[in-house]
Amino acid sequence: MKDDFLNRTFRHWSMWPCLAFLLVLSVYPVLQLIPMALSTIQITAEGTFWTYSPRRNLDLLLGDAVLRDAVVNTLVFVVLSVAIEMVLGFFAALFIACMPRGRNFARTVMILPILLPAVAIGSMWKLMFNYDFGLFNQMVGLIGLNPINWLGDTRWALLSIVIVDVWHWTPFVFLILFASIETLPQDVLEAGRVDGATAWQMISLIILPLLGPALAVAALFRAIVAFKAFDQVYLLTSGGPGTSTELLSLHLNRVFFEQNQLGYGAMLSLSIIGVIVATLAVGKWSATQIERKRTGR
């Protein structure tokens with residue numbers, strides 16, 4: 001009894017350092033955004049001056065034309081990237097899991113892209129997208145088409161960014177789904193084969209429903225990371241040409257550190273946080289309703 005009490009007490013008190021660390025590093029900076037969002041902040045040689053002006057920051061938020069483009073670009077980027085990565089990651093995991101031999105080697109090769117630093121990825125893909133000697137335009141030339149300005153044409157720039165993100169992050173989806181496929185109950189799969197299910201029926205009626213939780217986790221993590229994408233886009237296009245690849249993260253960086261509008265940047269940050277929290281709440285509520293209908297509880 002005494003040992004149980006000591007164990008529970010130790011677990012309880014051992015959490016407090018972690019909670020305090022979390023509060024200092026995450027909650028406190030978010031709380032600091034509130035007074036910043038209500039003020040105009042000027043940094044001069046004489047010091048930092050705060051002027052209470054919430055209406056000015058709100059007017060900047062509502063009249064920000066670049067923000068509208070950034071929101072649309074971010075949504076297109078997240079939806080396209082995550083959808084393609086989920087499909088490619090699933091079929092890659094399924095294919096490699098069915099290989100009779102060489103699975104360890106294939107798995108090692110698959111995860112190489114996520115081990116590379118963002119600077120190396122940006123430099124490598126910038127060379128591959130080069131208008132004069134890049135690999136993509138050489139391939140386009142082989143089929144008799146004119147070269148494409150992948151990163152400098154507004155029609156192709158966002159698609160090029162999506163291609164790089166898919167190459168970089170599909171292995172992450174693959175790893176999650178591959179581990180889940182390896183743990184699928186073999187008796188259920190065997191029963192499907194004995195009943196004469198086709199390959200498509202095995203995938204759609206047995207494997208996909210069993211992988212539901214893993215698919216949800218992979219999609220959620222990828223959507224969060226894609227929403228915050230910055231380094232690769234900054235290295236490849238810096239948001240250009242025009243605003244064709246301007247994402248929310250790049251726009252926030254521009255407002256804070258290039259335009260030095262700290263008050264407006266704080267209000268923009270709080271607005272984005274509010275939208276993300278509301279979206280997650282609606283998603284959780286929808287998932288709960290679907291689960292209740294499915295289980296009848």
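The values are calculated or read from the model by the stated rules, or taken from the named source; none is laboratory data. It should be emphasised that the depicted structure is a prediction, and the values quoted were computed from it without experimental measurement. Cβ sites come from the backbone with ideal geometry, for glycine too, and all protein chains shown count toward neighbours. Please note that ligands, DNA and RNA were not included when accessible areas were found on the heavy atoms of the full protein model with its side chains. Shrake-Rupley method; radii C 1.70, N 1.55, O 1.52, S 1.80 Å.
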Subject >> Residues (at pLDDT below 90 and in contact with an Asp or Glu (Cβ under 7 Å, 6 or more places away or on another chain)) located in segment 87-123 >> reply: A118
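Look at L252 and say whether it is part of a helix (DSSP H, G or I) and under 12 Å from the mean Cα position of the chain (by Cα). Working first, answer last.
On the way: part of a helix (DSSP H, G or I): yes; under 12 Å from the mean Cα position of the chain (by Cα): no.
No, not satisfied.
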Original post:
Is it fair to say V72 is in contact with a Lys or Arg (Cβ under 8 Å, 6 or more places away or on another chain), farther than 14 Å from Y264 by Cβ and not hydroxyl-bearing (S, T, Y)?
Top reply: no
**OP:** Only residues that are among the aromatic types (F, W, Y) and open to solvent by less than 20 Å² (accessible area, probe 1.4 Å): list them for segment 84-98, please.
**Re:** F90
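I need the helices (runs of 4 or more DSSP H) fully contained in segment 99-153, keeping only those with at least 2 residues that are under 24 Å from the mean Cα position of the chain (by Cα) and surrounded by 11 or more Cβ atoms within 10 Å (Cβ to Cβ).
In segment 99-153, the matching helices (runs of 4 or more DSSP H) lie at 103-110, 112-115, 118-128.
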Original post:
modelled with pLDDT of 85 or more, of a type outside the set (V, I, T) and outside any helix (DSSP H, G or I), is that true of Q32?
Top reply: no
Original post:
Could you count how many residues in segment 261-297 are touching a residue at least 12 places away in the same chain (Cβ under 8 Å) and either surrounded by fewer than 12 Cβ atoms within 10 Å (Cβ to Cβ) or among the hydrophobic types (A, V, I, L, M, F, W, C) (or both)?
Top reply: 9
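Just to verify a result, which residue in segment 238-248, among those that are touching a residue at least 40 places away in the same chain (Cβ under 8 Å) and not acidic (D, E), is surrounded by the fewest Cβ atoms within 10 Å (Cβ to Cβ)?
The qualifying residue surrounded by the fewest Cβ atoms within 10 Å (Cβ to Cβ) is G242.
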**OP:** Would you mention how many residues in segment 197-228 are without any contact (Cβ under 8 Å) to a residue 40 or more places away in the chain, within 19 Å of A287 (Cβ to Cβ) and not aliphatic (A, V, I, L, M)?
**Re:** 3
**OP:** Answer yes or no: is there a residue in segment 155-174 that is outside any helix (DSSP H, G or I) and either farther than 25 Å from F230 by Cβ or out of contact with any strand residue (DSSP E or B) (no Cβ under 7 Å at 6 or more places or on another chain) (or both).
**Re:** yes
Original post:
With (1) open to solvent by 80 Å² or more (accessible area, probe 1.4 Å); (2) farther than 13 Å from L262 by Cα as the list, and G63 as the residue in question, which single condition is left unmet?
Top reply: (1)
Original post:
Which of the residues belonging to segment 194-211 are assigned to a helix (DSSP H, G or I) and open to solvent by 70 Å² or more (accessible area, probe 1.4 Å)?
Top reply: V194, A199, W200, Q201, L205, P209, L210
Original post:
With respect to the numbered conditions (1) open to solvent by 20 Å² or more (accessible area, probe 1.4 Å); (2) part of a loop (DSSP other than H, G, I, E, B), which one is the sole condition not fulfilled by L184?
Top reply: (1)
**OP:** Could you look through segment 158-174, keep only residues that are closer than 14 Å to A118 by Cα and among the β-branched types (V, I, T), and pick out the one that is surrounded by the fewest Cβ atoms within 10 Å (Cβ to Cβ)?
**Re:** V166
Original post:
Restricting the first residue to segment 104-130 and requiring it to be in contact (Cβ under 8 Å) with a residue 60 or more places away in the chain, which pairs with a second residue that is part of a helix (DSSP H, G or I) and charged (D, E, K, R) meet a Cβ separation below 8 Å and a spacing of at least six or different chains?
Top reply: A118/D231; V119/D231; G122/D231
Subject >> segment 220-237: number of residues that are modelled with pLDDT of 90 or more and open to solvent by less than 30 Å² (accessible area, probe 1.4 Å) >> reply: 6
Subject >> Some residue of segment 78-96 being more than 17 Å from V166 (Cβ to Cβ) and of a type in the set (G, A, S) >> reply: no
Original post:
When you look at S81, is it surrounded by 13 or more Cβ atoms within 10 Å (Cβ to Cβ) and more than 19 Å from L268 (Cα to Cα), yes or no?
Top reply: yes
